[in-house]
1. Only bridges whose two residues both fall in region 2-362 count here: according to DSSP, what percent of them are antiparallel, nearest 5?
2. From the cross-link list Lys88/Lys308; Lys47/Lys360; Lys178/Lys205; Lys117/Lys308; Lys47/Lys332, which pairs have alpha carbons spaced over 18 Å apart?
3. Given Cβ point charges of +1 (Lys, Arg) and -1 (Asp, Glu) and nothing else, what value in debye, to the nearest 20, does the dipole of the chain about its Cα centre take?
4. 7 Å from Cα along Cα→Cβ at both Lys360 and Lys332: what's the point-to-point distance in nm?
5. My understanding is that a pair violates if its Cα-Cα distance is over 31 Å; which of Lys139/Lys213; Lys60/Lys363; Lys24/Lys57; Lys45/Lys193 do that in this structure?
6. Among the chymotrypsin sites (Phe, Trp or Tyr not before Pro) in region 169-245, which ones are in a DSSP loop with at most 12 other Cβ atoms within 10 Å of the Cβ? Mind listing them?
7. Quick check: Cα centre of region 324-347 to Cα centre of region 44-79, how many Å?
8. Using r as the Cβ-Cβ distance of Lys109 and Lys57, and R0 as 35 Å, what FRET efficiency do you calculate, to the nearest 0.05?
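The numbers here are math on the coordinates, done by the rules we state, and not lab data. Being a predicted model, the structure only gives us computed values, none of them experimental. Neighbour counts run over all protein chains shown; Cβ positions are idealised from the backbone, glycine included.
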Amino acid sequence: MAEETGKRKVDHIRICLDDKAQAKRATSGFEDIQLIHRALPETDKAKISLQTTFLGKKFKAPIIVGAMTGGAEEAMKINASIAEAVEKLGLGMGLGSQRAAIENKNLEKTYRVAREKAPHAFLIANVGGVQLVHGYGVKEVKRIVEMIDADAVAVHLNALQEAVQPEGQTNFKGVLTKIAEIAAAIEQPVIVKETGAGMSAEDAKALEKAGVKAIDISGVGGTSFAAVEYYRAPKIGGETQQFIGEALWDWGIPTAVSLIEASQTVKLPLIASGGIRSGTDIAKALALNASLASIVQPILQTAVKGTKETEQKLSCLIEELRNVMFLVGAEKISDLPKTPVVITGKTAQWLTARGFNLQKYAKRGAK
């Protein structure tokens, strides 16, 4: 079991480094989100503050590197590079599923390296929701927290990936109850995160009632885990699963849609992820009431090269965000949710059909 999990981690890294696993026709929806340029920004760019607070932790910029990897020797360099970069820049980091280290204690080092390299950064431990249904409980969750001295725990929901994965676990019956049990039993805040298929208003509301402290919506538009498993399937005799992976490649809720559905439904802090590729995307996500934006695939590309490249990429994203804030007249992060936003295209059509109010975004700041 442990060996299989480790091999899967290596496969995921290899496939995700290749752009072939990105969404095909589906997009994140951020192309339908337009920020309003201010010819009179009345703002000094040099004095713009990107600092924010998330779950009681201060960030120098509202960016977290999303859950990526661990559980394989190849993952150590990646996690070390990311950790060193986020420590220096005052950001945060999510670890990949720690199931591999629960199954094989020798793999704990591939996760622990993150805290060793980032003693002060906000780190998120990670366990699969389906593993909670299949026997994991408070004991295992506390172990993954202790493994990296985590500031929070992410319970990831990956029903699409499990459905396509040849060796996937598809009994999710009772997962919400298990999440509620974990949220009530541990000291650290529980974040529930999707894995590239998005979060509906209905599920966001159910999670809020279950006692979670934040939601990472992780919508469609970036890496498709149906696609990842599509590429893995032929190696392990999963011809039918490969067919399903191709059929469901773009399945899910676009990131911008998911973010608006959740933000208009719950009062929890939200992390925007799924196809976020630029500082402009980050600004748009924050304008739509996200507390943080999560970057994954672009940072995986730099992390395999090293810390310097990772830090440079993150610094560029931060500087792009600063410039966009200047151009919309936002002096601090809390100003972005007050700036006017125009929502058009398929995103507007979806949200209108679902009964969400879009006019209020465009009329922000109107007198």
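1. Antiparallel bridges: around 20 percent, rounded to the nearest 5.
2. Numbers: Lys88/Lys308 11 Å; Lys47/Lys360 29 Å; Lys178/Lys205 16 Å; Lys117/Lys308 14 Å; Lys47/Lys332 9 Å.
With Cα atoms farther than 18 Å apart: Lys47/Lys360.
3. On the way: 47 positive and 41 negative charges, 178 e Å.
Charge dipole of the chain: 860 debye, to the nearest 20.
4. Here the modelled spin labels are 2.3 nm apart.
5. Numbers: Lys139/Lys213 20 Å; Lys60/Lys363 29 Å; Lys24/Lys57 36 Å; Lys45/Lys193 34 Å.
Beyond 31 Å: Lys24/Lys57; Lys45/Lys193.
6. Numbers: sites: Phe172, Phe225, Tyr230, Tyr231, Phe243; in loops: Phe172.
Sparse-neighbourhood loop chymotrypsin sites (Phe, Trp or Tyr not before Pro): none present.
7. Here the answer is 21 Å between Cα centres.
8. Working: r = 25 Å, r/R0 = 0.70.
Computed FRET efficiency for Lys109 and Lys57 comes out at 0.90.
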